[in-house]
Amino acid sequence: MLKKTMLAFALVCGTAIVGSPGASAGPQSCESRSNNTIAKLLECVTVDGVREHQAAFQAIADANAGIRTSGTPGYDQSAAYVADRMTAAGYKVTVQSFQFQTFISLTPSVLEQFAPTPVGPVVNNIMSYSGSGDVTAPVSTPSAITGCVASDFAGFTPGNIALISRGACTFAIKATNAFNAGAAGVVIYNNIPGTLNGTLGSTFTLNIGVTAVTQAVGQQLASTSGLVMRLKTDTFRGQATTSNVIAETKHGNKNNVVMVGAHLDSVNAGPGIQDNGSGSAAILEVAEQMAKVKPRNAVRFAWWGAEESGLVGSTHYVNGLSTAERNKIALYLNFDMIGSPNYFFGVYDGDESTFVKPPGFVPPGSAQIEDTFERYYNSVGEPFQDTDFSGRSDYGPFIAVGIPAGGLFTGAEGIKTAAEALTYGGTAGQQYDPCYHLACDTFANISLHALDVNSDAVAYATLNYAMSTELINGAKSKGNFKPDHDHDEVAA
């Protein structure tokens, strides 16, 4: 479905594109016309336009030690790039600064087996907000492998390294229980196949090293008698300043706002061009191509900072809204990782048909948003499936206050099933994104097909709701634009 040939890779290395506003690639008429129908907008939202922004993010990372982590110059330059592009496109732009607890791994974490037989380094991923330490000690497991309550550590030998399974509670709870029992370090292993990349959360301040390994490695370690390991972590945790970038249309009902968001920051391990340069670049391309549209409802685009630190930016934004301001937000659309190399097409499960939630967890209206994306996929003949409102992305603070939400996701560290490989192609038994939270999450880490399809899906949903939120709250459409209907409907 690629509409154009891919940008030359040389674009990644050029610096002229950074902070250099201009029209994205597409038909010449896109530069001057109002893309006020689905057909017009989808013609002008191109994968090359999205890739232009991803190339800019890559160039910024290349100039800043390979990262775009919130609290670093790489993030600040990414935010400036977005703000410059949106200002040039005619939006009202606000840069919302805030402080947060940041985490940086100063040197790679080390996990090494010394007994019963030295086997050298073990592949591991440090947990974000881990403390520092360098300890060589016996390894013990709690009586209940998840370690979610203090009593699980009854009889634990102080000074040992705790080996704990993922599941049932947060990583921070596990690490805190281990610390209180006298553990000198913590290793958490996955409870499903694949790597484990997790965070202890920005409020975790205990000075204990915490790292993660795969399920297979963890189970092997747990079955090894007389196990002695070295665990070394070298980290910085402290206050930093970062920002959200908010850009709003100058036209449209300010009392019925459609919000569209994606997190802009990367993890400390790499440039984050898929996670989440894909979502950030897609909504930037859509916003630029909608610049001349006069929507019925105000559209507010948001690029969140410090998502990788625990949804800090979006939480700061939502918590700063008054009740009246929250009530003006009709819905929130979230786009986090929408071009995974070994993708599936996931739509957040707003009707809870697959992932049942506690009463009130998914706000009313979210099912209608799910239907909108499913209608788009059906219209272009693409398969799709439900994905969980797991709380791991920036929709979390919005649904917590009752704002309907939805969005797209193409997979992270999860493992593709054989059935999914038959449906979507790709490789069963491998991660949806093999470079998730790693240094290899670069400009090359992408499915162009998934990115192309989903960029159009972003445009489709955004323009539909810009013109009408009747499906969500009964607000009528503009002129003869029919909400969530055929691609040839016309806006007044």
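The values are calculated or read from the model by the stated rules, or taken from the named source; none is laboratory data. Note that the coordinates shown come from a computational prediction; the quantities given were computed from them, not determined experimentally. Neighbour counts are summed over all protein chains in view; Cβ atoms, including those assigned to glycine, are modelled from backbone coordinates with ideal geometry.
Only helices (runs of 4 or more DSSP H) whose full extent lies in segment 366-478 are considered here, and the ones with at least 3 residues that are surrounded by fewer than 17 Cβ atoms within 10 Å (Cβ to Cβ) are 366-379, 418-424. For segment 458-470, does any single residue satisfy the condition of being at pLDDT 95 or above and among the acidic types (Asp, Glu)? No, that holds for no residue.
Being farther than 30 Å from TYR465 by Cβ, assigned by TED's automatic domain parsing to the domain that holds THR157 and modelled with pLDDT of 95 or more is a property that does not hold for THR205.
One residue stands out in segment 96-109 among those that are surrounded by 16 or more Cβ atoms within 10 Å (Cβ to Cβ) and at pLDDT 95 or above: the one that is nearest to LEU284 (Cα to Cα), namely GLN96.
Within the group ASN268, ASN255, ASN276, which residue is more than 30 Å from PHE204 (Cα to Cα) and not β-branched (Val, Ile, Thr)? I'd like the intermediate steps shown before the answer.
Working: ASN268 fails: more than 30 Å from PHE204 (Cα to Cα); ASN276 fails: more than 30 Å from PHE204 (Cα to Cα).
The match here is ASN255.
Tell me, yes or no, whether segment 112-122 has at least one residue that is part of a loop (DSSP other than H, G, I, E, B) and within 20 Å of ALA175 (Cβ to Cβ).
The initial filter retains those residues of segment 112-122 that are part of a loop (DSSP other than H, G, I, E, B), namely 116-119, 122.
Imposing the further condition that a residue be within 20 Å of ALA175 (Cβ to Cβ) reduces the set to 122.
Yes, the conditions are met somewhere in segment 112-122.
Return a yes/no flag: does segment 68-89 have any residue that is at positive phi and surrounded by fewer than 19 Cβ atoms within 10 Å (Cβ to Cβ). Checked against the condition, which is being at positive phi and surrounded by fewer than 19 Cβ atoms within 10 Å (Cβ to Cβ), segment 68-89 yields no hits at all. State all residues of segment 166-186 that are touching a Phe, Trp or Tyr at 6+ places or on another chain (Cβ under 6 Å) and not in a helix (DSSP H, G or I); if no residue qualifies, say none. Listed by number, the list holds a single entry, ALA181.
None of THR241, THR224, THR233 is more than 22 Å from ALA79 (Cβ to Cβ), among the β-branched types (Val, Ile, Thr) and part of a strand (DSSP E or B) except THR233.
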